[in-house]
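The values are calculated or read from the model by the stated rules, or taken from the named source; none is laboratory data. As the structure is a prediction and not an experimental result, all values here were calculated from the model. Note that we place each Cβ from the backbone using ideal geometry, even for glycine, and neighbour counts take in every protein chain shown.
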């Protein structure tokens, strides 16, 4: 059953049509990713679906009682008038639960009062306990801690007033509250902004377990691959729907494009042949009834294509299905002009034309080091690297939390910053090409054209031709570098990098500010690069496609893993599962020790909780057995998610057991 549907929704701003004819439905539990180039209208569509903006034409229908939660891309204005702390704001979600909890405590006191009607009070208390458990009353505080912690809030930040948070912190706090509220439809605009990789991975798991429907916009292709089961593509003012995750969408999109272009070529060939027949016969006899009739039919076809688009025309089996009304028939001379104006159904956005070719091969190794300490102050090193080696042709991804020293390491091996201790060496014939995430090698005062000719001696005509391949066209070449957007600066920096002729690329967040089409082009170029790559990136999709090695900075140490990102994640999942199993065993030992102590006499409730604890432990043991026998990384991740859910349930039950055993019923 659909909780939201749209009928011919569009949005116009004056003469500008952003999109039109959007007809979609959202089923309960659907996970939908909305993709498309920057400026296509994705945020506008989200606002319309959330009910915060009205469409120009069309309607949005929402099922009765549907609760919608919306996360803006930037939430600077969120909580502007509120003085709640972070924790207090999260607790407002559970105001009803807290009221019921207070009533349960009142009933507990009444049950101990000899003057009360014990049977009536006990009956009400039993019903409340059952309902309280069903709505998650025993674990809502745990849920708050898990959600805030998962999204990167530390406990000492829980007491921070909301109006003192940064913009990024406000966005994360708003996302946390939405996840705790559990609306029927969650609409998220770039939810991974302001999150590190660990928080993004936690959010993936939370959305996979989310029982409601989700519509999200994200430039994180790996995130889309993991979370969504439907992709909406908004491009050229038209929305198309694809089944499956992001990778499945890419395959289907290519198949659809090829099919549409094939139909276009066939139909245009038919219509031009028809035109030639009509023209030849009308030239001989302007009243030829067969030629005139065929001209009218061809006119009707052309008008339908102009009205509903080429694919709409091809998909209409009967004229009535086109929805086109009366038609003015073209003359033979008008028909030629109209046929020439029909555009292919696939209007691909202009793409970067990016090529990076190393001028010569490097030696067998590109960089190696031993006992390297990285940082700015000898008494405060960021991390230590024991022994590492990067060979010719390797692609290594350097990952780690923000602030662990990734960019500092890149500066060190480039010779910009000396190591605090230890040694490193570059190989023979190594030529470094460096892409800085801050683009600090660019002169902000130069025009785009002057900046390019400063880095590479060439004439203006050649420079403008190169810039056009990177989508700097017309007057764009005269813009000041300082006035460019982050994405435009990134493209200019990539062009300069391509002209350096390096065989060792050191890339620091190269996909920052690039939309998905530009990310796809960059990925294709790097996949074909024959040199060596060391890349720092939060773009896990890019890392997954490129990296043959993973270097992870963790606990102030550089840890090396030979293998792909998928293999690395599967290995970490196994380590995490083992750690969870050990924590569960420790909890069980603590429970056994407490079981030997005298307990208050609440036998029925204790028996119920203990039975549920036994069931949860049995389920955990079975999941641990299945994880050990899992045949693929995907199975390990799926079973690991289930293990984490059961572990959280077990911990809540253990807390409940301890409260009862201590005689302090909640």
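Can you find a residue in the stretch 119-130 that is in a loop (DSSP other than H, G, I, E, B) and either under 26 Å from residue 3 (Cβ atoms) or without any contact (Cβ under 8 Å) to a residue 40 or more places away in the chain (or both)? Break it down stepwise before answering.
So the first thing to find is which residues in the stretch 119-130 are in a loop (DSSP other than H, G, I, E, B), and the list is none.
No, the conditions are met nowhere in the stretch 119-130.
Against the criterion of being in the same structural domain as residue 460 (by TED's automatic domain parsing), at positive phi and in contact (Cβ under 8 Å) with a residue 12 or more places away in the chain, residue 369 does not qualify. Quick check: anything in the stretch 39-56 under 18 Å from residue 228 (Cβ atoms) and assigned to a strand (DSSP E or B)? Taking every residue of the stretch 39-56 in turn, none turns out to be under 18 Å from residue 228 (Cβ atoms) and assigned to a strand (DSSP E or B). Looking at the stretch 248-268, can you tell me whether even one residue there is outside any helix (DSSP H, G or I), at pLDDT 90 or above, closer than 30 Å to residue 524 by Cβ and within 32 Å of the chain's Cα centre (by Cα)? No, that holds for no residue. Of the residues making up the stretch 459-494, those that are touching a helix residue (DSSP H, G or I) at 6+ places or on another chain (Cβ under 9 Å) and in a loop (DSSP other than H, G, I, E, B) are 459, 470, 471, 472, 473, 479, 484.
Does residue 159 satisfy the criteria of being over 15 Å from the mean Cα position of the chain (by Cα) and either outside the structural domain of residue 61 (by TED's automatic domain parsing) or surrounded by fewer than 19 Cβ atoms within 10 Å (Cβ to Cβ) (or both)? Quick ask: steps written out before the conclusion?
Details: over 15 Å from the mean Cα position of the chain (by Cα): yes; either outside the structural domain of residue 61 (by TED's automatic domain parsing) or surrounded by fewer than 19 Cβ atoms within 10 Å (Cβ to Cβ) (or both): yes.
Here the answer is yes, as residue 159 does meet what is asked.
Being surrounded by fewer than 18 Cβ atoms within 10 Å (Cβ to Cβ) and under 20 Å from residue 205 (Cα atoms) is a property that holds for residue 183. A count restricted to the stretch 25-59 and to residues that are in contact (Cβ under 8 Å) with a residue 60 or more places away in the chain and out of contact with any helix residue (DSSP H, G or I) (no Cβ under 9 Å at 6 or more places or on another chain) stands at 13.
Scanning the stretch 131-148 turns up no residue that is on the phi < 0 side of the Ramachandran plot, buried (at least 22 other Cβ atoms within 10 Å of the Cβ) and assigned to a loop (DSSP other than H, G, I, E, B). Counting only strands (runs of 3 or more DSSP E) wholly contained in the stretch 376-438, the ones carrying 2 or more residues that are touching a helix residue (DSSP H, G or I) at 6+ places or on another chain (Cβ under 6 Å) and closer than 20 Å to residue 360 by Cα occupy 432-435.
Of the residues making up the stretch 500-517, just one is touching a helix residue (DSSP H, G or I) at 6+ places or on another chain (Cβ under 7 Å) and part of a helix (DSSP H, G or I), namely 516.
Screening residue 445 against (1) within 33 Å of the chain's Cα centre (by Cα); (2) surrounded by fewer than 16 Cβ atoms within 10 Å (Cβ to Cβ) leaves a single unmet condition, (1). The residue of the stretch 476-492 that is surrounded by the most Cβ atoms within 10 Å (Cβ to Cβ), among those that are at pLDDT below 80 and more than 19 Å from residue 465 (Cα to Cα), is 487.
May I ask you to list the residues in the stretch 552-565 that are in contact (Cβ under 8 Å) with a residue 40 or more places away in the chain, over 12 Å from residue 397 (Cβ atoms) and surrounded by 14 or more Cβ atoms within 10 Å (Cβ to Cβ)? Please lay out each step first, then the result.
The initial filter retains those residues of the stretch 552-565 that are in contact (Cβ under 8 Å) with a residue 40 or more places away in the chain, namely 552-554, 556-558, 560, 565.
Right, trim to over 12 Å from residue 397 (Cβ atoms) and you get 554, 556-558.
556, 558, listed by residue number.
Among the residues making up the stretch 168-199, those that are part of a strand (DSSP E or B) and either in contact with a helix residue (DSSP H, G or I) (Cβ under 7 Å, 6 or more places away or on another chain) or farther than 21 Å from residue 63 by Cβ (or both) are 186, 187, 189.
Kindly indicate whether residue 363 is in a loop (DSSP other than H, G, I, E, B) and either over 32 Å from the mean Cα position of the chain (by Cα) or within 30 Å of residue 525 (Cβ to Cβ) (or both). Even if it seems obvious, please write down each step before you answer.
Details: in a loop (DSSP other than H, G, I, E, B): yes; either over 32 Å from the mean Cα position of the chain (by Cα) or within 30 Å of residue 525 (Cβ to Cβ) (or both): yes.
Taking the combined requirement at face value, the residue satisfies it.
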